[in-house]
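The values are calculated or read from the model by the stated rules, or taken from the named source; none is laboratory data. In this text the structure is predicted, and so the values were computed from the model without any measurement. Cβ coordinates were reconstructed from backbone atoms using ideal geometry, including for glycine residues, and neighbour counts include every protein chain displayed. The accessibility values were calculated without ligands, DNA or RNA, using every heavy atom of the protein model including side chains. Shrake-Rupley method; radii C 1.70, N 1.55, O 1.52, S 1.80 Å.
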Amino acid sequence: MAIAAVNSTEIYYEVKGEGEPLFLLPGLGRGTSYFDAIEPHLRKHYQTIVLDPRGIGRSSLKDKELTSEIWADDFAALAEHLGIKKAHILGSSHGGSMAMAMTLQHPSLVKSLLLFGAFSELNRFITLNLNLRIRLCHKLGMDVDMRDFIALWTFGHEFLDSPNADQFLDAHLRSVREHTPERYEMICKSMLHWGRKLPGQENDIIITSRLNEIKCPTLVTCGGRDFWIPSLFSKIIAKNIPQSIYIDMPDCGHIAVREDPIGCTEMIHNFITTKVS
């Protein structure tokens, strides 16, 4: 557990295990606890780096604007701080945006890219959902109602009925309560920014058109029961990254690394050992 002063901010991080470095970049508004289910399995094979992105948790909360591109520069600076020259980069959900931004902005640092439920563009459905979240967080506050609204989109039906669901819902509630409505709005806008859906971005080039710049081996996967960022978006990514493979996880919802941590670990380790030189 440590704080790194990098890139004009402070980033909280934890390093565990031994082996090749593996950065774990969390989903929307989340920090280290996002990977509680899978990290103990991954550290058996890799040196894991989990963190709270700036604006979240124990990292600096001073910023008035957050974007995937800013976070990507932070993580690259953290890698330099740790003496890491090359690493595997795993991003889940909006963490996938950070991971892609890191790969586009700092390609020499990325040995492989691992994307779970990620997106390189947004449609009207997701844009409406995010803008509704922004309105709801101000009306409802950051408590149980917002937790439940978010959970309905991020967890599958079967997972919510599973014995493990309560511990993750409790962790998610703690995470929701960490944010003020103003900060959660800023975090939601970072997702809209990555999808080029903020006012003033109408003529911006979408990230999908830049994916062919990514040359490292890339694993793209999505839960077959993902209703929030369905597999269509992962398949767009896989189609546009030259050295990518797509694997469907039919029994998972949006956060496969929580719903099936052992299966995800096996998939990650198999990909790295067979596809990454």
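Observations, loosely collected:
- Those residues of the range 53-76 which are open to solvent by 20 Å² or more (accessible area, probe 1.4 Å) and either of a type in the set (A, V, I, L, M, F, W, C) or free of Cβ contacts under 8 Å to residues at least 24 places away in the same chain (or both), in sequence order: Leu61, Ile70
- Filtered by the rule that a residue be open to solvent by less than 40 Å² (accessible area, probe 1.4 Å) and either modelled with pLDDT of 95 or more or part of a loop (DSSP other than H, G, I, E, B) (or both), the range 257-277 gives Val257, Pro261, Gly263, Cys264, Thr265, Met267, Ile268, Phe271, Ile272, Val276.
- You will find that of Val15, Val50, the residue that is in a strand (DSSP E or B) and crowded, with 23+ Cβ neighbours inside 10 Å is Val50 and no other.
- Checked against (1) at positive phi; (2) within 17 Å of the chain's Cα centre (by Cα), Asn7 passes all but condition (2).
- Residue within the range 193-200 that is closer than 26 Å to Lys111 by Cβ and either open to solvent by less than 10 Å² (accessible area, probe 1.4 Å) or modelled with pLDDT of 95 or more (or both) present: yes
- Some residue of the range 125-147 being at pLDDT 95 or above, within 24 Å of Ile245 (Cα to Cα), out of contact with any Pro (no Cβ under 8 Å at 6 or more places or on another chain) and open to solvent by less than 10 Å² (accessible area, probe 1.4 Å): no
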